[in-house]
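The values are calculated or read from the model by the stated rules, or taken from the named source; none is laboratory data. Model, not experiment: these values are computed from the prediction. Cβ: placed from backbone, ideal geometry, glycine included. Neighbour counts: every protein chain shown. Just the protein is used for accessible areas: all its heavy atoms, side chains included, with ligands, DNA and RNA removed. Shrake-Rupley method; radii C 1.70, N 1.55, O 1.52, S 1.80 Å.
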Amino acid sequence: MKIIAALILGISAIISASFIGDGLTDLRTGDRYVTVKGVAEREVTADLALWPIRFVATGNSLGEAQEKANSSRDAIMAFLKLQAISDGAVELQRLDVTDTRANPYQDDNSKQKFIISQTLMVRSDNIEKIRQAAQAVSELVDSGVVLSSDYGPSGPTYLFNGLNEIKPDMIAEATASARESASQFAKDAKTELGDLRRANQGVFQILARDQAPGVSEQQQPVKTVRVVSTVEYYLR
């Protein structure tokens, strides 16, 4: 019995050692991998323009302020029509009326008792028309329209909504770029590139094409879409 027990113990020790050895081998093999990044960039043009045109009219009476506001609104609509922007692309979004006499800190000698502020929102997928109209907006000021930017941007906002359509191709491009970098690393290290270990798609960014101080991405019709994928490959 003692001999049998000794044999079983010996065999168990040999099997255990074999498992330990296999585990260490797998661990060392698993540590051999490379992490690389692949970049893909695409220049795109905005497909939607939002242009809030906010104007202000004042008067000593509500009727006077309303008359000026109506005149300014008509001038804006006429200006947009000259720019080939249809009435259907414009809607009234905000209307504020302020009676300055309700303000206890207002000077009683002030001539302007009523202030009417209105916002006309222009929404169009014709980016070039909106861009050209925005460049000629000084014509409105020349005609007597008082423009205001108190509640948002003073110019159009350009949006790109086609990201989902270009995502697959850009991910493939970024992945191919990452694999190319990994292959070069393996070649320089005099080893072979193995299977994929892990991949992270990365976050898509919509950036301004022209990186200028004080200019945001939404102010530029042409943008740069960028994604950086992080990929890990085993090394054989």
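If the condition is being modelled with pLDDT of 90 or more, in a loop (DSSP other than H, G, I, E, B) and either open to solvent by 50 Å² or more (accessible area, probe 1.4 Å) or in contact with a Lys or Arg (Cβ under 8 Å, 6 or more places away or on another chain) (or both), then segment 145-161 contributes P156, F160, N161.
Residue by residue through segment 87-102, note down the ones that are open to solvent by 70 Å² or more (accessible area, probe 1.4 Å) and modelled with pLDDT under 85.
Just the residues of segment 87-102 that are open to solvent by 70 Å² or more (accessible area, probe 1.4 Å), to begin with: 87-88, 91-95, 97, 101-102.
Of everything in segment 87-102, those that are open to solvent by 70 Å² or more (accessible area, probe 1.4 Å) and modelled with pLDDT under 85 turn out to be R101, A102.
Any residue in segment 167-189 that is exposed (fewer than 14 other Cβ atoms within 10 Å of the Cβ) and assigned to a loop (DSSP other than H, G, I, E, B)? Yes, that holds for at least one residue. Residues in segment 181-200 that are closer than 14 Å to V36 by Cβ and free of Cβ contacts under 8 Å to residues at least 40 places away in the same chain: S183, Q184, K187, D188, L196, R198, A199, N200.
Within the span defined as segment 128-140, every residue fails to be hydrophobic (A, V, I, L, M, F, W, C) and open to solvent by 80 Å² or more (accessible area, probe 1.4 Å).
Right, V215: open to solvent by 30 Å² or more (accessible area, probe 1.4 Å) and under 21 Å from the mean Cα position of the chain (by Cα) or not?
Numbers: open to solvent by 30 Å² or more (accessible area, probe 1.4 Å): yes; under 21 Å from the mean Cα position of the chain (by Cα): yes.
The answer is yes for V215.
Kindly indicate whether any position in segment 35-42 is surrounded by fewer than 14 Cβ atoms within 10 Å (Cβ to Cβ) and modelled with pLDDT of 90 or more.
Step one: of segment 35-42, the residues surrounded by fewer than 14 Cβ atoms within 10 Å (Cβ to Cβ) are none.
No - not one qualifying residue is present in segment 35-42.
The set of residues in segment 206-236 being more than 30 Å from D188 (Cβ to Cβ) and in a strand (DSSP E or B) consists of I206, L207, A208, V222, K223, T224, V225.
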